[in-house]
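Here's the structure we're looking at; comments come further down.
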Amino acid sequence: MDFKSPDPKFSEEFFKLANTARSIVITSHTSPDDDSIGAVLSVFWMLKEKYAAKKIEAVYTGERDSKYAKFAGYDKTQFVPELADCLQGVDLLILLDGGNFGRFSKKPEEMKKFSGKTICIDHHSSPPDEFDLFMLCPQLSSSCQIIYEAFYINANTSKPIGEALLLGLLGDTGNFSYLRPSDSGALDMAKSLIKTLGIQIQEFKARCNTIPLKVVKLIGELIKNTTIEKVDGWDNFSWTYVENGDYSDNEISDASHLYVDTYVRTITGVPWGFAITPRSDNTINVSFRSLPGSVNVRYIVEQMKVGGGHDRAAGGTFKPTGPEKVKPLDCYKQIRDWLIKNKQVTS
């Protein structure tokens, strides 16, 4: 059953599935960002408050990131080598902030064989996989805004739920700098949560906004390696990369997120770009950003069959096709060759 906007019928169907499940796992995409963490923690606490006797777990594929340690429930969240290997005996799997099993697991085909029920809540525009209950709202700012409007728009939240929702909202709106007219409900949501919880935004964001020195050095490498390019028929773009080094996946992911959100789209005369970063499993991640009216970056990663996302913020993963490691510069060459052979589609 699919929904395209928060609806009381969706909430009714959501709790029907939760009521009948004895064991529930909540998850989100690898390399989680603020919206991913906020969505998982808010749904975790919502279900724990309603079903105290049920087995309810939050589980991610990947590594724990200590920057979220001050948020209630994060210490209870499990980080495992592979989610697909941890679903035996689970009746209900809730997937948040992503619509493709490949975003949650290194074994998407195994995930598709899951024998229990599935619920997915997402706000990305990429074509989704199939779920028993699915709500896709690309017109809303974040998965946390969807959760708020589906379950809490007319009800007060507890402190753990409200703080988790606000974390995701601020993260995916860039502290409201990415808002579109269709996202205006995000401001009403923020007003309600700030008033209810008595929160000061600067103090709240400081909980997870500190940057380790190693991440700062990585950002410096990304800045140093930034290059401006031109391909005929395309807007000027920036690109950068880092090589493998003594960094964890979380450190690389944090540096990439901070770089693309801070520097890509802000260089004069260069409305779009991307960062290429390695991971410990020998894959290479690429994060794209663009300005309104420039390149539709989601179209690029979908057509290249490496990922998905939003029209102006998308990502993908290049995987090895043989024994040799994938190299960042090889990925850049693949992207550039694709641009040369294709026409620009604007957002």
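Once segment 33-59 is narrowed to residues that are free of Cβ contacts under 8 Å to residues at least 60 places away in the same chain, surrounded by fewer than 24 Cβ atoms within 10 Å (Cβ to Cβ) and within 20 Å of the chain's Cα centre (by Cα), the residue that is nearest to Val260 (Cα to Cα) is Val59. Among the residues of segment 297-347, those identified as assigned by TED's automatic domain parsing to the domain that holds Asp235 and hydroxyl-bearing (Ser, Thr, Tyr) are Tyr299, Thr317, Thr321, Tyr332.
Going by what's in this entry, would Thr77 be described as in contact with a His (Cβ under 9 Å, 6 or more places away or on another chain) and over 20 Å from Gln145 (Cα atoms)? It is false that Thr77 is in contact with a His (Cβ under 9 Å, 6 or more places away or on another chain) and over 20 Å from Gln145 (Cα atoms). I'd like to verify a number: residues in segment 257-278 that are closer than 19 Å to Leu329 by Cα and surrounded by fewer than 20 Cβ atoms within 10 Å (Cβ to Cβ), how many? Qualifying residue count, segment 257-278: 0. Kindly evaluate Gly168 against the criterion of being in the same structural domain as Leu41 (by TED's automatic domain parsing), in contact with a Gly (Cβ under 6 Å, 6 or more places away or on another chain) and in contact (Cβ under 8 Å) with a residue 24 or more places away in the chain. Yes, satisfied. Only one entry in Gly309, Gly316 is within 20 Å of Asp249 (Cβ to Cβ), touching a His at 6+ places or on another chain (Cβ under 7 Å) and not basic (Lys, Arg), namely Gly309.
Applying a threshold of 6 Å to beta carbon distances and a minimum spacing of six or more residues, or different chains, the list of pairs starting in segment 104-125 at a residue that is farther than 14 Å from Asp2 by Cβ and without any contact (Cβ under 8 Å) to a residue 24 or more places away in the chain and ending at one that is surrounded by fewer than 16 Cβ atoms within 10 Å (Cβ to Cβ) and β-branched (Val, Ile, Thr) is empty.
The set of residues in segment 15-45 being in contact with a strand residue (DSSP E or B) (Cβ under 6 Å, 6 or more places away or on another chain) and either part of a helix (DSSP H, G or I) or among the small types (Gly, Ala, Ser) (or both) consists of Leu17, Ala21, Ser23, Ser28, Ser36, Ala39, Val40, Val43, Phe44.
Number of residues in segment 119-162 that are within 27 Å of Arg312 (Cα to Cα) and either assigned to a helix (DSSP H, G or I) or not assigned by TED's automatic domain parsing to the domain that holds Lys67 (or both): the value is 8.
The values are calculated or read from the model by the stated rules, or taken from the named source; none is laboratory data. Everything quoted here is computed from the prediction, not taken from an experiment. Positions of Cβ are generated from backbone atoms using ideal geometry, with glycine treated the same way; all protein chains shown enter the neighbour counts.
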